[in-house]
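Enquirer: Have a look at the structure that comes next, please.
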Amino acid sequence: MSQTIAVIRGDGIGPEIMDATLEVLDRMKLGFDYDFVEAGLGAYEACGELLPAKTLEAISRHRVALKSPLTTPVGEGFSSINVELRKHFDLYANVRPAISFPNTKSRYSGIDIITVRENTEGAYIGLGQQLSEDGEVASLTQQITRHGSERIVRYAFEMARKQGRKKVTVVHKANILKSTSGLFLRTARLVAADFPDIECNEMIVDNTCMQLVMRPEQFDVIVTTNLFGDIVSDLCAGLVGGLGLAPGANIGKDAAIFEAVHGSAPDIAGQGIANPCALLLGAAQMLGHLGKEEDARRLRRAIVSTMEARDRLTPDLGGTGNTRSFGEAISERVNG
Ligand code: ATP
Ligand code: MG
């Protein structure tokens, strides 16, 4: 049976990078079918809804979506379509790889770190958010559950095993946040015991940030709670040269959405010069998720060798190519 993927072409540079990405995937002859659905500004203009029921239905039917950046118009119902998608499908794992590519302006080479961030609890879900009437005191409830901790840590270990990775670092602040981070850490230790083939270590979040900057090669997979994961994954993106090469996956039990971490970049939209790599790397994550690890590697290798050769790169990478030509250069390399 062939796999159908829900495709959201998105706003701003979204359609341009999606076209380039699908062209590369087509060249790989993976046998996918695409179900094109809308969300964001495009959907709002077409049918007056930011997140049409048809789109949600397509994602839940196909279980896998590839999504370009979306623009959420200010003051139209909800604050972010991405957050809404995450909530709707309970996409609890935010998986963000940071890989070094040749010829980028980064401080390190040889980095290959995946941050697995818990996406549904902790400080970021607005629980108990309050401001006193005089505006002097603000508070918020941080809630961590054993269930939430268990499933994110298990996801990280299973992913590590599937991808042949060697080590998972559990990042926490249990020395200070004794109840919340403490529960996360204790749960993580129990889960780690089920994976004797994978090395597990623990690191306090502040030390993690310093270690990442000083000796990033010691990290393989990082698993952590929502707020720490947000910060640490951006730090990792910075280690390898910024958001232009940063993909992300949002994974739940019943659906998974793959995307570029960057936004819709309205400043360069329509010019055909956006770098398609982040979305292509999101597509590589999708291939791994679908059990096509070898195809995922093939796609990443094609991107690496295109960058090594400086072949038709987009201006953000210092090249004189454009979205289409960069995509073509990668396409020419995906089959060996
Ligand atoms: P949004 O409101 O959708 O987040 P944004 O303007 O914040 O849009 P970002 O994607 O966050 O856009 O981009 C920040 C900067 O990085 C912009 O100057 C943008 O042009 C640049 N940028 C982002 N993505 C790419 C890309 N794929 N290729 C080239 N430049 C990019
Ligand atoms: Mg932005």
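The values are calculated or read from the model by the stated rules, or taken from the named source; none is laboratory data. None of the values given here were measured: they were computed from a predicted structure. Positions of Cβ are backbone-derived with ideal geometry, glycine not excepted, and every protein chain shown enters the neighbour counts.
Enquirer: Provide a single number: the residues in the stretch 294-334 that are among the hydrophobic types (A, V, I, L, M, F, W, C), closer than 20 Å to D267 by Cα and modelled with pLDDT of 95 or more.
Expert: Going through the stretch 294-334 one residue at a time, the tally reaches 2.
Enquirer: Among the residues that make up the stretch 156-175, is at least one of them outside any strand (DSSP E or B), crowded, with 19+ Cβ neighbours inside 10 Å and hydroxyl-bearing (S, T, Y)?
Expert: Checked against the condition, which is being outside any strand (DSSP E or B), crowded, with 19+ Cβ neighbours inside 10 Å and hydroxyl-bearing (S, T, Y), the stretch 156-175 yields no hits at all.
Enquirer: Moving to a separate point now. Do you know which residues across the stretch 240-276 are among the polar types (S, T, N, Q), more than 13 Å from ligand 2 (Cβ to nearest atom) and outside any strand (DSSP E or B)?
Expert: Selection gives Q271, N275.
Enquirer: Taking E202, is it assigned by TED's automatic domain parsing to the domain that holds N119 and touching a helix residue (DSSP H, G or I) at 6+ places or on another chain (Cβ under 7 Å)?
Expert: Taking the combined requirement at face value, the residue satisfies it.
Enquirer: Looking only at the stretch 163-199, count every residue that is among the charged types (D, E, K, R) and closer than 30 Å to A296 by Cα and tell me the total.
Expert: Total meeting the criteria: 6.
Enquirer: Looking only at the stretch 315-335, decide whether some residue is assigned to a strand (DSSP E or B) and among the small types (G, A, S).
Expert: No, that holds for no residue.
Enquirer: List pairs: first in the stretch 12-33 and of a type in the set (D, E), second within 16 Å of ligand 2 (Cβ to nearest atom), Cβ under 8 Å, 6+ apart or cross-chain?
Expert: Going by the 8 Å Cβ cut-off, the qualifying pairs are E16/A269; E16/A274.
Enquirer: Further question on the same structure: Give just the number: which of (1) modelled with pLDDT under 95; (2) in contact with a helix residue (DSSP H, G or I) (Cβ under 9 Å, 6 or more places away or on another chain); (3) under 21 Å from G272 (Cβ atoms) does P15 not satisfy?
Expert: (1)
Enquirer: Do we have any residue at all in the stretch 127-142 that's part of a helix (DSSP H, G or I) and either under 25 Å from the mean Cα position of the chain (by Cα) or under 26 Å from N82 (Cα atoms) (or both)?
Expert: No, the stretch 127-142 contains no residue that is part of a helix (DSSP H, G or I) and either under 25 Å from the mean Cα position of the chain (by Cα) or under 26 Å from N82 (Cα atoms) (or both).
Enquirer: Taking the condition charged (D, E, K, R), assigned by TED's automatic domain parsing to the domain that holds I268 and in a strand (DSSP E or B), does D35 pass?
Expert: So D35 fits the description; yes.
Enquirer: How many residues are farther than 16 Å from L290 by Cα and either of a type in the set (A, V, I, L, M) or buried (at least 24 other Cβ atoms within 10 Å of the Cβ) (or both) when one looks only at the stretch 13-26?
Expert: 9
Enquirer: Let me ask another. Determine, yes or no, whether G319 is within 16 Å of ligand 2 (Cβ to nearest atom) and over 22 Å from L70 (Cα atoms).
Expert: Taking the combined requirement at face value, the residue does not satisfy it.
Enquirer: Which of the residues spanning the stretch 10-32 are within 15 Å of ligand 1 (Cβ to nearest atom), out of contact with any Gly (no Cβ under 7 Å at 6 or more places or on another chain), part of a loop (DSSP other than H, G, I, E, B) and farther than 17 Å from L281 by Cβ?
Expert: Correct list: G12 only.
Enquirer: Specify which of the listed residues (V240, V213) is at negative phi and surrounded by 16 or more Cβ atoms within 10 Å (Cβ to Cβ).
Expert: After ruling out the rest, the residue left standing is V240.
Enquirer: May I pose another question? In this structure, is A123 of a type outside the set (S, T, N, Q) and in contact (Cβ under 8 Å) with a residue 60 or more places away in the chain?
Expert: In short, yes.
Enquirer: Name the one entry in K87, K29 that is surrounded by fewer than 20 Cβ atoms within 10 Å (Cβ to Cβ), at pLDDT below 95 and more than 18 Å from D11 (Cα to Cα).
Expert: One residue alone meets the criteria, K87.
Enquirer: Moving to a separate point now. Which of (1) away from ligand 2 (no atom under 16 Å from the Cβ); (2) buried (at least 19 other Cβ atoms within 10 Å of the Cβ) does L227 not meet, given it meets every other one?
Expert: Single failed check for L227: (2).
Enquirer: Which residue out of K167, K162 is outside the structural domain of G288 (by TED's automatic domain parsing), at pLDDT below 95, among the charged types (D, E, K, R) and more than 22 Å from K87 (Cβ to Cβ)?
Expert: K162 is the lone residue from the list that is outside the structural domain of G288 (by TED's automatic domain parsing), at pLDDT below 95, among the charged types (D, E, K, R) and more than 22 Å from K87 (Cβ to Cβ).
Enquirer: Can I ask one more? Looking at the stretch 217-249, which of its residues are within 16 Å of ligand 1 (Cβ to nearest atom) and under 13 Å from the mean Cα position of the chain (by Cα)?
Expert: D230, S233, D234, A237, L243, G244, L245, A246, P247, G248
Enquirer: All but one of (1) out of contact with any helix residue (DSSP H, G or I) (no Cβ under 8 Å at 6 or more places or on another chain); (2) assigned by TED's automatic domain parsing to the domain that holds L85; (3) outside any loop (DSSP other than H, G, I, E, B) hold for L299; which doesn't?
Expert: Exception for L299: condition (1).
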